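Accompanying notes for the structure given below.
The values are calculated or read from the model by the stated rules, or taken from the named source; none is laboratory data. Note that the structure is a prediction, hence the values are computed from the model and not measured. Note that each Cβ is placed from the backbone with ideal geometry, even for glycine, and that neighbours are counted across all protein chains shown.
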Amino acid sequence: MPPEAPDPSLERLIQEGLDELGLEGGLAADLARLSELLHAWAQRISLTGHRSPEIIARRLVLDALALERQLPEADTLADLGAGAGFPGLPIAVARPACRVALVESRERRVHFQRAAVRALGLANTEAIRGRAEALEPRPQAIAVAQAMGTPDQVARWLVPWVAPGGLLVIPGAEAPPQVGTVAGLDPPSVVHYRVPLDGPARTLWIARKSD
């Protein structure tokens, strides 16, 4: 298991990214612990292709927080198909007043999510095992999903998980996700942004669920 005190160089790296994002609140230590915990677990089970805590911090943690910076404040958020817990876990660290639901069908990934929730003391976070499209939906103010299927499929799976007036969010690379017409949504918008520390360009497809 990772040491209780994170690697100072890793913590400094994350703090540089947080400074670039304008995030405050002493988050770097917990985010470094999350990076180290995922790295430790990934030595035993397949959770990520990123092979060092630094790469995890750059490619997963700071990527998730760059996404978080594009979202409005909200009381609840669901991360569907959360995998090892990204972007949901870093968002939960950055937004302690927001209830975050991590929805994932693969058992080992859910075990890791729950271990991370315990290790970081994230009282605002719940890991739920199951397929988002098969579970009884729990409508949230914001629901995010990435790499679950085609953008059209993902948008339709997101709809039941979003409360009226809430937001559906589908992350994309530099080119935004192409989503066709989905009933019950206001016209969507696309947000362009970049991951800190010379990270990649990203996009978000965002649509509001009609009241």
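Inspect region 99-107 for any residue being part of a helix (DSSP H, G or I) and surrounded by fewer than 23 Cβ atoms within 10 Å (Cβ to Cβ) and give the result as yes or no.
Yes.
Report the residue count in region 81-92 for those that are more than 9 Å from the chain's Cα centre (by Cα) and buried (at least 24 other Cβ atoms within 10 Å of the Cβ).
Number satisfying all stated conditions: 1.
So, in region 160-179, how many residues would count as being surrounded by fewer than 19 Cβ atoms within 10 Å (Cβ to Cβ), of a type outside the set (Gly, Ala, Ser) and either in a loop (DSSP other than H, G, I, E, B) or at pLDDT below 95 (or both)?
2
Can you name the helices (runs of 4 or more DSSP H) wholly within region 16-97 that have at least 2 residues being touching a residue at least 60 places away in the same chain (Cβ under 8 Å)?
Answer list for region 16-97: 28-42, 62-68, 88-94.
Can you give me the number of residues within region 7-38 that are farther than 20 Å from Gly121 by Cβ and under 17 Å from the mean Cα position of the chain (by Cα)?
2
If you scan region 125-139, which residues turn out to be part of a loop (DSSP other than H, G, I, E, B) and surrounded by 16 or more Cβ atoms within 10 Å (Cβ to Cβ)?
Selection gives Ala132, Glu133, Pro137, Arg138.
Yes/no per residue for (1) modelled with pLDDT under 95; (2) in a loop (DSSP other than H, G, I, E, B); (3) in contact with a strand residue (DSSP E or B) (Cβ under 7 Å, 6 or more places away or on another chain); (4) more than 28 Å from Ala42 (Cα to Cα):
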position	(1), (2), (3), (4)
Val117	no, no, yes, no
Ile142	no, no, yes, yes
Gln153	yes, no, no, yes
Leu158	no, no, yes, yes
Thr181	yes, yes, no, yes
His192	no, no, yes, yes
Leu197	no, yes, no, no
Arg208	no, no, yes, yes
